[in-house]
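The structure appears right after this line, and notes come after that.
The values are calculated or read from the model by the stated rules, or taken from the named source; none is laboratory data. Not measured: the values here are computed from a predicted model. Neighbour counts run over all protein chains shown; Cβ positions are idealised from the backbone, glycine included.
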């Protein structure tokens, strides 16, 4: 996470090595930092179209619990699809995350 906090080093980060660490983030501040890295650096700056990147973005939106931002992300992807572009995340993955959240809420 230290490398992400020093944003000027984004270019030197090996995403493959960082991915496992990103999945273990717990604090909301670190989740937001990771989401910023994914959305602004990987998606916007590098124009990374990897499904893994977009799935991580969805995962972070969900984990932060910002349903408005999550819906905006999904709406943007749906708009791309309607314009004939490929969507860059796995809808089944997103659905599984949402179903797990619903299951966790019902279980409380």
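Within segment 16-34, can you find the residues that are closer than 18 Å to residue 90 by Cβ and either part of a helix (DSSP H, G or I) or over 11 Å from the mean Cα position of the chain (by Cα) (or both)? 19, 22, listed by residue number.
Candidates are the residues of segment 87-108 that are outside any helix (DSSP H, G or I) and at pLDDT 80 or above; the one that is surrounded by the fewest Cβ atoms within 10 Å (Cβ to Cβ) is 90. For first residues located in segment 22-45 and on the phi > 0 side of the Ramachandran plot, partners that are part of a helix (DSSP H, G or I) and lie 6+ apart or on another chain with Cβ distances below 9 Å do not occur.
With respect to the conditions (1) touching a helix residue (DSSP H, G or I) at 6+ places or on another chain (Cβ under 8 Å); (2) at pLDDT below 90; (3) surrounded by 12 or more Cβ atoms within 10 Å (Cβ to Cβ), residue 21 lacks only one, and its number is (1). If I go through segment 31-49 residue by residue, how many of them are over 17 Å from residue 72 (Cβ atoms) and either loosely packed, with under 13 Cβ neighbours inside 10 Å or in contact with a helix residue (DSSP H, G or I) (Cβ under 8 Å, 6 or more places away or on another chain) (or both)? Count: 9.
Say whether the condition of being more than 13 Å from the chain's Cα centre (by Cα) and either assigned to a loop (DSSP other than H, G, I, E, B) or on the phi < 0 side of the Ramachandran plot (or both) is met by at least one residue in segment 47-55. Yes, there is a match, as at least one residue in segment 47-55 is more than 13 Å from the chain's Cα centre (by Cα) and either assigned to a loop (DSSP other than H, G, I, E, B) or on the phi < 0 side of the Ramachandran plot (or both).
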